[in-house]
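Novice: I am attaching a structure below and will ask some questions about it afterwards.
Coordinate-derived values only; no laboratory data. Since we're looking at a predicted model, the values are computed, not measured. Don't worry about glycine lacking a Cβ; one is built from the backbone with ideal geometry, like all the others, and counts go over all protein chains shown.
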Amino acid sequence: MFLFPHSSFSYLSPFLLIIPLPFSLSFYLTDSNPLLSFDNQVREVHLYTENHRRGMYLQMNLDGRVSGSDAQTPYSVLELKSVKPGHIAIKGQSSSLFLCMDSEGRLRGQGQYSDADCAFRELLLADGYTRFLSSYHRFPVSLASRHSPDRHSVPFTRFLPLRNTLTVESVSEQPPNDQRYFNMDSDDLLGMGLNMVSPQLSVDK
C-alpha cells in the first residue's frame, strides 16, 4: 500500500478540510419536515381524529358544512396539496370545496381558494398525528363543538391522515341509513361513544 510521506500529507491536509465544505453546504435543508417531499403531489387521505371515547373523520358536505362521520365516506376523501413550503390547501374530492377558516376559527367549505382563509400550516407531531394551523388566523383545525371550552386544544385538533380505501362512488349517492354524523355545535357531542381507539391510546392503556 502506498503511503504519503509525512511532509506531503501535511501539505495536502488543509485541502482535505476545505474542499468538502461547499458540498456540505449545498445539501443544507431550510426545513427538515419530511412532508415537503410531497410538494408537487396531491395526497388523497381521510383525516381521522378522536379522544379516548370516540373517533370520527372530517368531511365536507356539498353545502359547505364541515362535520364529522364515524366511518369513511365519499365526503371525507380529502386532497392535500402544498401551496408553499410547510403550508397546504385541503380540498374535498366529492364536494370540490376548499376547507377554510374564518377569524373566529369556524370551518367551512368554499369553492374559491383564499390564501388568508384556506391555507394551513402542517405540523407533524411526535406521536404520528398531525395538526393543521390556519396560516393567517393561527387557530387549529378542530372538530370540537363551538361550545367546548377546549375547542382549540386537544382532543379533536390532531389528525391521522389515513390512506383512502374507498372505491369510486357517485357524489350523489346517499350514505347508508345507519351512517352516523356528528353535529359539531351539539351540546351532546361529548356524550356519543364509538368503538374506535387509536394505536397510541391502546399503548397508554
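Novice: Once the piece of chain linking SER96 and LYS84 is laid out straight, how much longer is it, given 0.36 nm per residue of separation minus the C-alpha distance between them?
Specialist: Full extension of this stretch gives 2.2 nm more.
Novice: Here's something else I'd like to know. Sketch the reach of a paramagnetic label on VAL42 as a point 7 Å from Cα along Cα-to-Cβ, and name the residues of region 133-167 whose backbone nitrogen lies under 18 Å away.
Specialist: 162-167
Novice: Would you please give the FRET efficiency between LEU124 and ASP63, computed as 1/(1 + (r/R0)^6) with r the Cβ-Cβ distance and R0 = 45 Å, to the nearest 0.05?
Specialist: The pair LEU124/ASP63 has a calculated efficiency of 0.90.
Novice: Another one. Could you give each residue of region 155-161 its phi-based ³J(HN,Hα) in whole Hz, using Karplus coefficients 6.51, -1.76, 1.60 with θ = phi - 60°, and x for Gly or Pro?
Specialist: With coefficients 6.51, -1.76 and 1.60, one gets x, 6, 10, 10, 10, 9, x Hz.
Novice: In addition: So between GLN110 and ARG163, what do we pick up on full extension, going 0.36 nm a residue minus the alpha carbon distance?
Specialist: 16.7 nm
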